[in-house]
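In what follows, a single structure is set out as structure tokens and then discussed.
Read-outs: derived from the displayed coordinates by stated rules, not from any lab. A quick note: this is a predicted structure, and the numbers were derived from the prediction, not measured. Methodologically, a virtual Cβ is constructed for each residue, glycine included, from the backbone with ideal geometry; neighbour enumeration extends over all protein chains shown.
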Amino acid sequence: MPDRLHFRLKLRRGPLFTLEAQESLPMQGVTAIVGPSGSGKTSLLRALAGLDMGVAGERRITFCNKEWDGPGGHVPAHERRIGFVFQDPHLFPHLSVAGNIGYGAKRCEVTSFDAIVEALELGPLLDRGIDGLSGGEARRVALARALASNPAVLFLDEPMTGLDSQRKSEFLPYIARAVSQARVPALYVSHSSDEVVTLADRVLELGQGHVTGWRTPPMRLTAHVVAETGPGVEVRLDGAEDDGPGASIALPLRALPGEAVGIGLPVESVHFSVHHPGAGSAIMVLPVTVTRPAGAEGQAVLDVLGQSVRVPGVMRVPSARTLWMSVLRVLPRPMVVDSTK
């Protein structure tokens, strides 16, 4: 069982908003926190970090069996070992890229520093000043600085705010790669469904200052890179035969042969049919078997080349029925490098 972050909060911020939430989050992988504007996503993150005390009615927070807030007292924010990445990079203008990363590296070994720089491809930028960085580059530096502090957990509060869609698509794989290679759990606040599908292992929903529930985990398949193709890579889905469906998929991703890749499947880009639909505009067409029809919980479970995938519950078909799944769009997610497969 992974360590957990337990919290029970009742905090008032001004006359119109109260954050009242209780939950236990597994400290493994990425937990996305979603909800409409004003639902309390950033307030929750800042309260957990000890950055926003509000007017406390109740504040109990335990991280991995260590009390951060409660009857035993209050652990200040700087002692919680949280790597916080804000909506604005908040870089130090008088320091170079290397200086900004090094500022957070007091507890970081040199080998870890080098690995972070490599994962985020910041080597060519180390001697540059902050003023000349693009928005995406500045956010990579902010993420590197957070990771270099040797955090026990990452808090990312909409770190791609202000980036256009192209820059966001370029930055997402860096987040996925860095978090996976550092093996640090993360809480990730976002409005974007693409970000959630690409990064999240689970999704917590907020509404009006309250936890409203857990959303169906993103649909995701696993694959391994088999070849580099210039602008991207060719991958094979785990479980695919050499000449069968899923044996060759082109992805716009920088990765090395043998590297594991998670393929996120946006719900709106997946269609099912009883008969093979033909290739058409689909990236891939895969045979799937319904192992559990959609029930009261509103999701079906499918077997896709031996991988188990949960699908929101529009499928009212018998178990063991074979269908065809057409995938029109995917969101690749780099994972931990594994050259043994």
Open item on the list: Sequence gap of 8 or more, or different chains, plus Cα separation below 30 Å: how many lysine pairs satisfy both in the chain?
Closed with: 8
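At 0.36 nm per residue, minus the direct Cα-Cα distance, what do Asp114 and Thr289 gain on full extension? Give it in nm, one decimal, please.
Numbers: separation 175, 0.36 × 175 = 63.00 nm, distance 4.47 nm.
Result for the pair: 58.5 nm of gain on full extension.
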Open item on the list: Past the 38 angstrom mark, what percentage of all C-alpha to C-alpha distances in the chain do you count?
Closed with: 21
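What are the DSSP H helices in the chain that stretch 15 Å or more along their long axis, judged by alpha-carbon atoms, and whose average Kyte-Doolittle hydropathy comes to at least -1.0?
On the way: long enough: 135-148 (20 Å, 0.21); 165-182 (26 Å, -0.44).
Membrane-span-like by this criterion, though nothing is claimed about a membrane: 135-148, 165-182.
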- [ ] Calculate I(q)/I(0) for the range 1-130 by the Debye formula, one identical point scatterer on each C-alpha and no solvent, and give its log10 at q = 0.17, 0.18, 0.21, 0.22 Å⁻¹ to two decimals.
- [x] -1.03, -1.09, -1.24, -1.30
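Only four residue types carry charge here, +1 at the Cβ of Lys and Arg and -1 at the Cβ of Asp and Glu. Report the dipole size of the chain about the Cα centre in Debye, rounded to the nearest 20. Could the numbers behind the result be given before it?
Values: 34 positive and 35 negative charges, 202 e Å.
Result for the chain is approximately 980 debye, rounded to the nearest 20.
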Open item on the list: Between the range 275-312 and the range 131-171, what is the separation of their alpha carbon centroids in Å?
Closed with: 34
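Please list 70-79, 127-136 highest first by mean number of surrounding beta-carbon atoms within 10 Å per residue. Provide the component values of the computation, followed by the final result.
Details: 70-79: 11.6, 127-136: 13.9.
For the peptides 70-79, 127-136, the packing ranking is 127-136, 70-79.
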TODO: Beta carbons within 10 angstrom, averaged per residue: use that to sort the peptides 174-180, 252-258, highest first.
DONE: 174-180, 252-258
Open item on the list: Using Cβ counts within 10 Å as a stand-in for footprinting exposure, how do Thr322, Thr222, Thr31 rank, fewest first?
Closed with: Thr322, Thr222, Thr31
Task: Dipole of the range 225-281, positive end: most advanced residue of Gly232, Ala250, Pro266 [Cβ charges, Cα centre] - done: Pro266
Task: the chain: relative contact order in percent, alpha carbon pairs under 8 Å with at least 6 residues between - done: 16
